[in-house]
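The values are calculated or read from the model by the stated rules, or taken from the named source; none is laboratory data. Because the structure is predicted, anything quoted here is derived from the model rather than measured. Please note: Cβ atoms are built from the backbone with ideal geometry, for glycine as well, and neighbour counts cover all protein chains shown.
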Amino acid sequence: VYAGHAAIALALKARAPQLPIATLVLACYGPDWAELVFGLFQSRAEMRELTHTIPVVVVGAALAALLFAVVFDRASAWYVGAAWLSHWPADFVTAQKPLMHPQQLAGFDLYQLPAADFVVEAGLVALCCLVYARAFVRTRRQGWWLAAAAAGLIGLQALVDFGIAYTQGRNGPSLALRQRQPHLTVGTVDRVRMPLALLRRTPTVS
Ligand SMILES: [Zn+2]
């Protein structure tokens, strides 16, 4: 999920109006920030998997909530933790994310079908903006601002999905762990393989 995380922050804001939207947006992208920061010291790809395992996401959410409770406000800290936790299920829908172990990847992997990913994420943005509108929008002007924000997020998602469509090979979405999937893995070489090949390519077959 790309734009969808920001949309979830908007929906959470409706439940916790006292929290600044920036705090919620930061928390909703929490595991990605962790990946970015730790990726400066270790390999980014390695940190991508590690920071998105379920135990690390839970610990990250707890630490973020604790930090917020100590520095700012105890009553709202739950929402910061919830925002951080929301990252994993959202990513599970659109990508393959690790379960307990960095190598244990699973997920619906909608990025393999960028058009479907766009529909799901744009729908999520629209839904979350409606939740936000019901809570906060009172004037026509506020409505236009929110519509502009929604259009911005959907436009951003369209760009991302357009990019994915051009750079990725095509697998079907699958809930199976990556190592249990029957054939075809993502990669430039696999794109030219026979779509119905039943076995993984071996060094003796070229
Ligand atoms: Zn992520």
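Does residue 70 fit the bill of being buried (at least 17 other Cβ atoms within 10 Å of the Cβ) and part of a helix (DSSP H, G or I)?
In short, no.
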Check your understanding: In the set 99, 124, 130, which member is among the aliphatic types (A, V, I, L, M), within 16 Å of the ligand (Cβ to nearest atom) and modelled with pLDDT of 95 or more?
Key -> 124
Check your understanding: So which of 34, 27, 45 is within 11 Å of the ligand (Cβ to nearest atom), part of a helix (DSSP H, G or I) and not charged (D, E, K, R)?
Key -> 34
Point to revise | the stretch 92-106, residues that are surrounded by fewer than 23 Cβ atoms within 10 Å (Cβ to Cβ) and within 12 Å of the chain's Cα centre (by Cα) | key: 92, 93, 95
Check your understanding: Which condition breaks for residue 5 when tested against (1) buried (at least 22 other Cβ atoms within 10 Å of the Cβ); (2) more than 16 Å from the ligand (Cβ to nearest atom); (3) not β-branched (Val, Ile, Thr)?
Key -> (2)
Check your understanding: Considering only the stretch 26-55, how many residues are farther than 16 Å from residue 81 by Cβ, surrounded by fewer than 16 Cβ atoms within 10 Å (Cβ to Cβ) and not basic (Lys, Arg)?
Key -> 8
Exercise for review: Test residue 10 against the criterion of being within 15 Å of the ligand (Cβ to nearest atom), under 16 Å from the mean Cα position of the chain (by Cα) and hydrophobic (A, V, I, L, M, F, W, C), and give yes or no.
Suggested key: no
Exercise for review: Spot the failing condition for residue 68; the list is (1) modelled with pLDDT under 95; (2) more than 15 Å from the chain's Cα centre (by Cα), and only one is missed.
Suggested key: (1)
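Matching residues to (1) within 14 Å of the ligand (Cβ to nearest atom); (2) of a type in the set (Ser, Thr, Tyr); (3) over 22 Å from residue 24 (Cα atoms); (4) in contact with a helix residue (DSSP H, G or I) (Cβ under 7 Å, 6 or more places away or on another chain):
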{"residue": "107", "(1), (2), (3), (4)": "yes, no, yes, yes"}
{"residue": "112", "(1), (2), (3), (4)": "no, no, yes, no"}
{"residue": "139", "(1), (2), (3), (4)": "no, yes, yes, no"}
{"residue": "148", "(1), (2), (3), (4)": "no, no, no, no"}
Practice item. Tell me which residues, restricted to the stretch 57-67, are within 15 Å of the ligand (Cβ to nearest atom) and either among the aromatic types (Phe, Trp, Tyr) or surrounded by 21 or more Cβ atoms within 10 Å (Cβ to Cβ) (or both). Key: 57, 60, 61, 64
Exercise for review: Check off (1) part of a helix (DSSP H, G or I); (2) free of Cβ contacts under 8 Å to residues at least 60 places away in the same chain; (3) not aromatic (Phe, Trp, Tyr) for residue 13 and give me the number that stays unchecked.
Suggested key: (2)
